[in-house]
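To keep things clear, I will list the structure first and then write my remarks on it.
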Amino acid sequence: MPKVAPSNEGADSGDDATTRATVPPVGSPQTGGGEGQAEEAHRGGMASPEEGDMRQGDSDDSTASIAEKDNVHFVKGVATSIADVQAHLEHIDSWFNELKDTPELMERHLGLFVVDAAPLRHALLGMTACCRLRLLGCVQRWLEADCQELMDQLQAKRGQIVMQPKTADELQSTLQAVNGLDDFLKTKEPRLARIRDMFDLLQRWSHPLPRNLQGKWYSCIHFVPDLRDRADRWHMVFRKDLRSKFIFKIAEHARSLEAQCVECKKTLDDCASKVSLNKAEHYHSKLKQLQQRMHTIQDQVQKQHSHEEMLDMEKSDFPGLDSMVEQIVPLLDLWYLAQEWTNWKDEILYGEFCAIDPSTVKVKLSSCTDTMQRLEDIFASQPKPREVLHSLSSELTELRELVPVIVSLRNPGLRERHWQRIGEAIGQTIHTGQMKDISLSTMNERYPFVQHLQAIEEISETAAREMLIEDELRRMHEQWVKQPIIVRLLVGDGSQNLGDDQEAAEGYNESMDQDNVAFTADFRHAEVWELITEQMGKVKLMAQSPHAQAHSRELVKHDEKLKLIGELCDLLHESQYGYQCAREHLISEGMIKESMQRSKERRSEWKKFEFVEKQRQVIMQMLKQQPSWLILLENPSILEFCRDAATIMDGILKSVHEVLDQHRTQVPLMYRLDDDSLLKLLRCGHDPSLPVVRRCLPGVLALDVVASCNAGEAAAADDRSGGGGDEEAEALPHIALPTP
């Protein structure tokens, strides 16, 4: 027996209510602790269907749904098929009989306790009856669901058998349904057998079924022979009346299709005889509709052949239909080409000349030419379509002659000087302002461009080559616009990159000591010179071109600009290095600053440094707002300032070097150190662990750097008395070197 899945659909709520009413909870007042009610429930003593229907209206819906779900889960856990249910019912019956045949045990003495076993026996009897009823209720729901599903399928099959079909399609579908009825019923035999087993199971265990479920079962049993009888009656009607009737209809429909084919042939021949290009759009639309109609006729012909095969008729023949479908395709291409040319001709010849795209014209003209060559081979034996092709060819030839003129005059490199040369070539004056609104047709009538095409093409080619130089100059200019200059905030001997955050720079500047804050920049010295070298090579190469005369001034100007940028980059880079070194020496090292201020010459250099520092910060602020080399070139005074600043920085660094050399004369071992290391030694010389101290004074344990105050006071007294002492003999720090 095949397994049947439990189902809740189509379950009779009245029958469930009857089941619940028949088996109340054990120990309730309704049971009374007797065996009669349990036995009655076990043997099927359920309420009648009428009583169940009456109790259905009075039952609580929520309680019923909960009980139904509980019953479904119970059955799923113990049974999955009719055979399982039958085995469980037999076990339950055996248990019930054993409990029933067992003599009553009123009391049991267990030690000090006395136990009454009668309620337990009654409870077990009630539980077996409840399990039996729940299993039978599940089978009843399975039976109802299968009956309903089978009934729906049989009714759907019955609806497919139309006793009086109106159309040939209905007749064909009905005939297919009748011929496949036996196979359909064979597939339903397992379900009928399963329904019969469930019905027998319920009757065997005296489980009453609702009348509506019994009616469904009897309907399913009797529906199969009724369906076979309906198929037999349809066969009789078909042989007696329908066959001859539909043979006549199908033959009449074949004659209608043949007439439609003849009509389509006439329309196709009529369109193939047209030659007027002015009505190309109308002809193309008419052929498009005709093509759609032919496809519809082809579909109808396929149905016609299937209907004729159904009735064993001879297939109708439509010999000209396929050939017409093949013939209409090149005609559609021809009139579509004519339609496109008509619309395109108005756009090209009578539209604005400045809106014409030469590349699009070339592509369309090439496509039209290829299509015409393909159609000429197809219409080799058809004079009218060939006449249309010749008309199109003549008009396209006129446009083909104007294509070089369009390409030459729509050159984006043409400037005012080129239009003057074109006017001189054709012997007329051309006003470039009028060329924006003029059409190609008017321009061809007004100016003899075709006769002087060779000269115009040479001028246009020259303009295109000059435009290449112009575009390259513009690209090189854009490269300098995008070349970055990164401005940083210089603090002490380090720098901080502020990027584009101007507020952060201002806040940081205010928070620091103004004497110790300045701006510096990363000029990308190597990248700048790499770009200068590259562009100088391009400028030199373009200057050798025979078409560079028109842009000779721009090339020379750009070359001069590259030289100025290179010089400015070198000056800024070198002066910035000198500025940072001088600033560190003069501000960080008090003794150097003091030594330089004692000399009049060096004091003037110190004042120049202050001027350079102020002007340099102005340049840095300018670069901070717009970091570009071209901004610096707009102000010629910046280059002169950079030259002077470089000279001043060299003088300051030279003076600092002379001051440090005076210290080296006192201790010759200091000649081993450069200026930066010597400054560090003078500032932190008391620490013998420094590498500069070890490199200068190997084996030293301590180093004291003490300024000679007495010498300084004596020099100051000489200055006050006007003794005319040597300005170079100024007080120097005294360095004491104790013996290690």
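Any read-out appearing in this document is the output of simple, stated calculations on the displayed coordinates, not a laboratory observation. For clarity, every value in this text was computed on a predicted model and none was experimentally measured. Don't worry about glycine lacking a Cβ; one is built from the backbone with ideal geometry, like all the others, and counts go over all protein chains shown.
Here are a few things to note about the model shown:
- Working from label points 7 Å from Cα in the Cα-to-Cβ sense, the A156 to S276 distance is 5.9 nm.
- Neighbour cut-off at most 16 other Cβ (10 Å), DSSP loop, trypsin sites (Lys or Arg not before Pro), segment 364-425: R415
- Q289/K436 FRET efficiency (R0 56 Å; Cβ-Cβ; nearest 0.05): 0.85
- Counting only lysines at least 8 places from K624 when in the same chain, those with an alpha carbon closer than 23 Å to its own are K482, K561, K614.
- Label point of H477 set 7 angstrom out along Cα-Cβ; within segment 528-554, amide nitrogens under 11 Å from it belong to 554.
- With R₀ set to 25 Å, the beta-carbon distance separating E424 from C354 gives a calculated FRET efficiency near 0.65.
- Once the C-beta distance of E401 and K249 is scaled by a Förster radius of 56 Å, the resulting FRET efficiency is 0.30 to the nearest 0.05.
- Straight-distance crosslink candidates among lysines, where the alpha carbon sits under 24 Å from K216 and sequence neighbours closer than 8 are dropped: K3, K157, K186, K188
- Label separation (E658 vs D200): 13.3 nm, computed from points 7 Å beyond Cα along the C-beta direction.
- Potential lengthening between R230 and H452 on full extension [0.36 nm per residue; Cα-Cα distance subtracted]: 70.7 nm
- Unsatisfied cross-links (Cα-Cα over 31 Å) in the set K436/K563; K362/K557; K266/K315; K249/K279: K436/K563; K362/K557; K249/K279
- DSSP-loop trypsin sites (Lys or Arg not before Pro) across segment 164-273, with at most 12 other Cβ within 10 angstrom: K166
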